[in-house]
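> Would you mind keeping the following structure in view while I ask a few things?
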Amino acid sequence: MSLERFIDRHLVEGKAVYVVDDHHKALAAWALIRRKLAAAPYLLTIDHHTDTDDAFAGYVSLTTFDNPSLDGQALAAELLAAIDWLSDDSLADAIAKLKHDEHIYAATRSGVLAASFSIQLSDSGGYGEPNEAGLYVVPFKCAMGCSKRVYDDECAAHHAVEIIETRYLDDQLVRLREITQGLGLRDIEALPYILDIDLDAFHSMKAANPDDASTFRRLIRGALAITIATEAKWVEEVWEDDDNEPSADRLLGIVLGHIKAAMA
């Protein structure tokens with residue numbers, strides 16, 4: 001079964017871009033990129049969520065519910081071990097059993113990715129300790145310049161608007177550098193990385209149209225390739241823009257526009 005069924009390919013000013021509707025289908029694109037490389041690349045993902053759940057957790061939960069005698073941990077390990085990134089059929093079978101937040105774990109543990117670093121809006125504490133799964137979450141404090149003691153709904157709204165503003169991304173990259181240095185790695189921009197974007201990171205049209213997109217566009221230029229998950233239902237779920245209707249298609253057009261401008 002060809003992996004092409006999961007992705008919509010674009011070539012934007014020479015940059016390979018793979019678009020998927022559900023984020024876990026990006027595993028197909030990452031595997032296709034991996035096959036062209038001598039070693040597994042890294043992932044830099046910009047998302048609302050961390051997407052660091054264990055692979056096949058949802059599938060195993062449902063399966064063991066119907067079959068209580070099954071060993072869920074053993075089943076998850078078996079499914080993970082069965083992923084062969086050189087086999088389209090193996091990857092298609094894995095994608096069919098993965099849920100939205102389980103794909104990165106599947107990719108790092110199966111050799112598709114070396115490690116993943118998430119810039120996200122859900123976990124202020126982040127996670128930078130060395131771990132077997134190679135999953136790292138960049139922490140955040142709040143919107144830039146905020147001096148509140150408590151992170152509240154107003155903070156979250158202001159924070160979300162800045163997700164790809166240069167001053168915010170620069171701060172996130174400093175925090176990410178502390179993680180990579182702790183792992184004995186170079187700065188993420190000196191590593192071979194795929195830039196992954198989940199459109200639910202944008203809670204408004206303003207968030208997708210920052211005043212200064214220079215760092216975002218630099219990350220675009222430096223990426224081996226770009227994957228974009230449209231996630232239309234989640235875009236609608238997290239939307240906070242009273243002046244515009246949620247539209248994954250419109251957000252996709254804006255992000256493709258950033259890519260075109262970055263590569264021009």
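The values are calculated or read from the model by the stated rules, or taken from the named source; none is laboratory data. Just so we're clear, the structure is a prediction, and the values are computed from it rather than from any experiment. Cβ coordinates were reconstructed from backbone atoms using ideal geometry, including for glycine residues, and neighbour counts include every protein chain displayed. Protein only, heavy atoms only, side chains kept; ligands, DNA and RNA dropped before computing areas. Shrake-Rupley method; radii C 1.70, N 1.55, O 1.52, S 1.80 Å.
> Can you tell me how many residues within region 93-124 are open to solvent by 10 Å² or more (accessible area, probe 1.4 Å), of a type in the set (A, V, I, L, M, F, W, C) and within 14 Å of Phe6 (Cα to Cα)?
Residues meeting the conditions: 1.
> Being out of contact with any helix residue (DSSP H, G or I) (no Cβ under 6 Å at 6 or more places or on another chain) and open to solvent by less than 40 Å² (accessible area, probe 1.4 Å) narrows it down to one residue among Ala201, Ala229; which is it?
Exactly one of Ala201, Ala229 is out of contact with any helix residue (DSSP H, G or I) (no Cβ under 6 Å at 6 or more places or on another chain) and open to solvent by less than 40 Å² (accessible area, probe 1.4 Å), namely Ala201.
> Go through region 132-167 and report how many residues are modelled with pLDDT of 75 or more and either open to solvent by less than 40 Å² (accessible area, probe 1.4 Å) or under 18 Å from Asp47 (Cα atoms) (or both).
Within region 132-167, residues that are modelled with pLDDT of 75 or more and either open to solvent by less than 40 Å² (accessible area, probe 1.4 Å) or under 18 Å from Asp47 (Cα atoms) (or both) number 20.
> Still on this structure: Give the residue, chosen from Glu245, Glu240, Glu178, that is part of a helix (DSSP H, G or I), out of contact with any strand residue (DSSP E or B) (no Cβ under 8 Å at 6 or more places or on another chain) and among the acidic types (Asp, Glu).
Just a single option satisfies the conditions, and that option is Glu178.
> With the requirement that a residue be open to solvent by less than 40 Å² (accessible area, probe 1.4 Å), farther than 26 Å from Trp234 by Cα and outside any helix (DSSP H, G or I), what does region 22-73 give you?
Matches in region 22-73: Ala40, Pro41.
> What are the pairs with Cβ atoms under 6 angstrom where one residue, in region 11-22, is under 11 Å from Thr227 (Cα atoms) and among the aliphatic types (A, V, I, L, M) and the other, located anywhere, is open to solvent by less than 10 Å² (accessible area, probe 1.4 Å) and assigned to a strand (DSSP E or B)? Sequence gap at least six, or different chains.
If the second residue must be open to solvent by less than 10 Å² (accessible area, probe 1.4 Å) and assigned to a strand (DSSP E or B), the pairs left are Val17/Ile226; Val19/Ile228; Val20/Ala229.
> Would you be able to tell me the number of residues in region 162-175 that are assigned to a helix (DSSP H, G or I) and in contact with a Phe, Trp or Tyr (Cβ under 9 Å, 6 or more places away or on another chain)?
6
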